[in-house]
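Structure record follows, encoded as structure tokens.
Coordinate-derived values only; no laboratory data. None of these values were measured; they are calculated from a predicted model. Glycine also receives a Cβ, built like all others from the backbone with ideal geometry; neighbour counts cover every protein chain displayed.
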Amino acid sequence: MKTNPYRAESSLSVLKGRNTKQTCFFPGQYQLIGPPQPIVVILGDDVTLPCHLEPARDVTTRTVEWMRPDLEPRFVHVWRRDGVEVVSMKHLSYDGRTSLFRDKLKHGDVSLKLSGVKLSDEGKYRCFIPTLGRETTVQLVVGAASSPVLNVSKSSSGVVLECESKGWYPEPELFWLDAEGKLLSAGAPETVRGPDGLYTVSSRVTVEKSHSNSFTCRVQQLSINQSRDTHIHLPGLKGCENL
């Protein structure tokens, strides 16, 4: 039986069509995904604000915008589709401190690296790909912490312990503990905020002869998961003669 060449060619074309890889880009299929919780960073450190396209897609040749709506100008980092950052649109406080991970753009990862974090960096960031009309937000929380310093002096009723800790943000809380981890009764701590925006907290407590000889000053800020302890042991507390 003689084969029809036109029929065979037609069948081959259909087969090729079925095996052709899909190259169309449908914006509605994609979502920008950010972190479910705020990102916490310590003052002065570097931080990555996560943002990625799902499903993964090469966005090397697409414009990516990172911004803070509360600033003017609002742009933190703008990646142009030709691979150049648009510095002229950028807020001056972020100059030289932001970048994207270029090798990850081909996988749809448009996360922003922010270097040398400042207190003023705290806020809500918007990650946006204009050609897709997709966006997500990332909340950045900036914190600062330092270890407390203890001083000891005498009084007629016992020994006075003074505790001070500088360089905290946000405002921390301070309390005293005995050797068993129980709270000691003390007056309300004094808190002062300096011109740099950081807090100094201090407190004093008088310990009597009936107390144990070991004490702890604890300063903490739970919203940034930071806690600092300083311990002291007073071997001569009962008689106070050695102080």
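Before moving on, here are some points about what is shown:
- Each residue of region 166-177 is assigned a 3J(HN,Hα), and the resulting list reads 10, x, 10, 7, x, 4, x, 10, 10, 8, 10, 10 Hz, derived from the Karplus form 6.51 cos²θ - 1.76 cosθ + 1.60 (θ = phi - 60°), x at Gly and Pro.
- Theoretical gain in end-to-end length, Asp82 to Ile33 [0.36 nm per residue, Cα-Cα removed]: 15.3 nm
- Values of log10 I(q)/I(0), in the order q = 0.09, 0.13, 0.14, 0.16 Å⁻¹, for region 61-183 under a Debye, Cα-only, solvent-free model: -0.44, -0.65, -0.70, -0.82
- Proximal charge balance of Val41 [Cβ under 11 Å; K/R count +1, D/E count -1]: -3
- Cβ-based net charge around Lys113, under 13 Å, with every Lys or Arg adding one and every Asp or Glu removing one: -3
- Relative contact order, percent, region 149-233 [alpha-carbon distance under 8 Å, six or more residues apart]: 32 percent
- Spin-label model, Glu72/Asn225: points 7 Å from Cα along the beta carbon direction are separated by 3.7 nm.
- Its convex hull of Cα atoms gives region 101-243 a direction-averaged projected area, equal to a quarter of the hull surface, of 12.6 nm².
- Pairwise FRET efficiency - Asp45 versus Ser185, Cβ, R0 = 51 Å, nearest 0.05: 0.85
- Protection proxy ranking, peptides 170-183, 47-60, average beta carbon neighbours within 10 Å, highest first: 47-60, 170-183
- Region 58-83 and region 140-175: distance between their alpha carbon centers, rounded to Å: 42 Å
- Selection of chymotrypsin sites (Phe, Trp or Tyr not before Pro), region 62-170, meeting DSSP coil and at most 15 other Cβ within 10 Å: Phe101
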